[in-house]
Each structure stands twice: as structure tokens, then as C-alpha cells.
Amino acid sequence: ARVVELERQVAVGQVVESLTEAMSALAGDIGGVSGEGGDGSQTPGPFNEIPCFVSVHNRYLEIVATNRLYRERLGDKVGCNSWEVYSGRLGRGNGCPVWMAIETGKGQRSRELLVDRDGQEIPAIVHTAPIPGPDGRVEFVLEFSVDVTEVKRLQDELRAAQQKYQEIFDASPAFISVHGLDFRIREANRLFREHFGAGVGERCFEAYKHRERPCSECLVHKTVKEGHTVETETVVTDREGRPINVLIRTSPIRDEKG
């Protein structure tokens with residue numbers, strides 16, 4: 001009885017370790033179940049709540065349990081062959097992630113096309129974690145698959161927003177520069193670059209005034225200290241040494257903590 005209990009403890013530890021490894025890898029990709037198992041038993045609640053397709057496969061390449069999202073999107077595949085959910089993976093030894101995990105004894109990560117219950121393909125990132133039995137052989141494979149369609153859509157939206165911001169930034173008919181707390185210019189728009197040179201990496205007093213030390217009435221310092229917009233009129237010098245009368249307005253840019 002003691003030996004059986006120890007074996008169970010070891011098995012639980014191996015499951016937890018494999019689950020942790022798979023979830024850690026999954027978290028890296030996404031810049032991310034209360035139901036019945038294959039034998040009718042109830043699977044734990046958290047298994048169903050994981051927001052990706054989760055399945056458990058045995059060493060014979062059969063699906064033995066799935067979570068709720070898997071069943072809703074991909075259909076009830078318990079009892080089916082492991083490779084059947086993939087597009088273009090037919091038969092054993094076809095390089096499907098579960099087969100690879102069993103063959104190598106190591107977790108796998110790959111991009112695959114899954115086939116949903118309507119026959120439509122779903123691009124996914126698949127992670128597998130082998131779970132060895134008491135004899136050291138892989139007994140089960142835990143598989144996590146992330147639908148990357150939504151991730152790609154959000155990435156496209158972010159890229160479009162960034163491009164739109166850059167176009168507005170560059171099209172502004174004013175000199176715009178973004179400064180760090182060390183007075184160095186982190187970003188500058190087209191008009192600024194045309195008049196003052198590349199600018200990025202230079203300190204503002206070097207770019208605007210060709211000075212070696214900060215101005216006596218430094219607006220960057222004042223803005224950081226007071227935390228609000230500051231205005232002044234002054235004369236700056238362009239890259240050709242020509243003076244330009246300007247009205248300067250500085251505004252603080254805050255991080256997520258304010």
C-alpha cells in the first residue's frame with residue numbers, strides 16, 4: 001500500500017511539472033474544465049476554464065479527455081486518433097505533436113492547422129507535455145493548442161494603429177520630439193529631423209541650442225518636476241546654424257503607474 005501511495009505521489013508530481021512547463025511555454029506565446037472525461041468521470045473545474053484547447057492523449061495515440069472549449073470548437077473527439085484533429089496529418093508516424101512527444105519523450109511546440117467541427121481550419125500554436133508512467137515510459141501526453149486567429153487580428157490592429165500614429169506624428173507642421181528624463185531625445189518627427197538632424201540619442205540642449213549643458217530655464221526639467229504642461233518662447237538654432245523663433249510647449253508622458 002505504501003509503494004502504491006508513493007507511486008501515486010510521484011505521478012502527481014510529474015503531471016504538475018509537465019503542466020507547469022506547458023503553461024509556461026504557452027504564456028510566452030500569447031505576447032495565453034468541469035466536464036466529463038473519456039470514461040464518464042468528472043474532470044477538474046480549472047481544466048475546463050483554461051482559455052485554449054486542452055486534450056489528454058494516451059500512448060496509443062488516442063484522445064482520452066478534452067476541455068469544454070475543445071468540445072465546443074473542435075467537436076467531441078474522445079476515442080478518436082490523436083492526429084485526426086490536425087489538417088493534413090494522416091496515420092501514425094506523421095509528425096503530429098502528440099506522436100513526436102511520445103517518440104522523443106520531450107515536450108513539443110509547433111504551428112499547426114486544426115480542423116473545427118464545421119470542417120474549417122484554425123491556425124494554432126500547439127504545445128505538448130509528455131507524462132511518464134511508473135515505468136518511465138510516456139503514458140499520457142497533455143496538449144494545449146492556442147487559436148492564433150484572434151492574436152493575429154489584434155496584432156494587425158496594433159500595427160495599423162502604430163502606423164496611423166506615426167503618419168500623424170510625421171505630418172504635424174511643428175517640431176515634435178520625445179525626451180527621456182536624461183534629456184536625450186527618444187523620438188522625433190520628420191520636420192524636426194529635417195531642421196535639426198537625426199536628433200535621436202542627442203540631448204535636447206545639444207540639438208536645439210548647440211550647448212554642452214542644460215539650459216538655465218530647462219522646460220524638460222520643469223515639466224518633470226511640476227508634472228504639467230509648460231510653455232515659453234525662445235530662439236533655437238537649426239542644423240545650419242540659423243536661428244528660429246519658436247513657442248515651445250512641453251507635456252509629461254506618464255507610464256501605467258502615473
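The values are calculated or read from the model by the stated rules, or taken from the named source; none is laboratory data. If you're wondering where the values come from, they're calculated on a predicted model, not measured in any experiment. Virtual Cβ from ideal backbone geometry, glycine too; neighbours counted across all protein chains shown. When the accessible area is computed, the model is the full protein with side chains, heavy atoms only, and any ligands, DNA or RNA have been set aside. Shrake-Rupley method; radii C 1.70, N 1.55, O 1.52, S 1.80 Å.
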For Lys77, counting only lysines whose alpha-carbon sits under 28 Å away and dropping same-chain residues fewer than eight positions off, the answer is Lys106, Lys152
Candidate cut points under GluC sites (Glu not before Pro) in region 197-238, DSSP loop plus at most 15 other Cβ atoms within 10 Å of their own Cβ, are Glu212, Glu217
Measure out, as a whole number of angstrom, how far apart the alpha-carbon centroids of region 223-253 and region 131-177 sit.
37
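Take the Cβ-Cβ distance between Ile248 and Thr149 as r, set R0 to 41 Å, and report the resulting FRET efficiency rounded to the nearest 0.05. All intermediate terms of the calculation are to be shown ahead of the outcome.
Details: r = 46 Å, r/R0 = 1.13.
Efficiency, rounded to the nearest 0.05: 0.30.
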How do the peptides 103-111, 236-244, 140-148 rank, highest first, by the average count of neighbouring beta carbon atoms within 10 Å per residue?
140-148, 103-111, 236-244
Would you work out what percent of the accessible area of region 85-223, with all protein chains in place, is carbon or sulfur (probe 1.4 Å)?
52
Roughly what % of Cα-Cα distances in region 82-142 sit above 13 Å, to the whole percent?
61
Rounded to a whole number, what is D in µm²/s for region 124-258 from Stokes-Einstein with the Kirkwood radius over alpha-carbon pairs (25 °C, 0.890 mPa s)?
130
Please list, or write none, the lysines whose alpha carbon is within less than 27 Å of the alpha carbon of Lys225, excluding same-chain residues fewer than 8 places away.
Lys209, Lys257
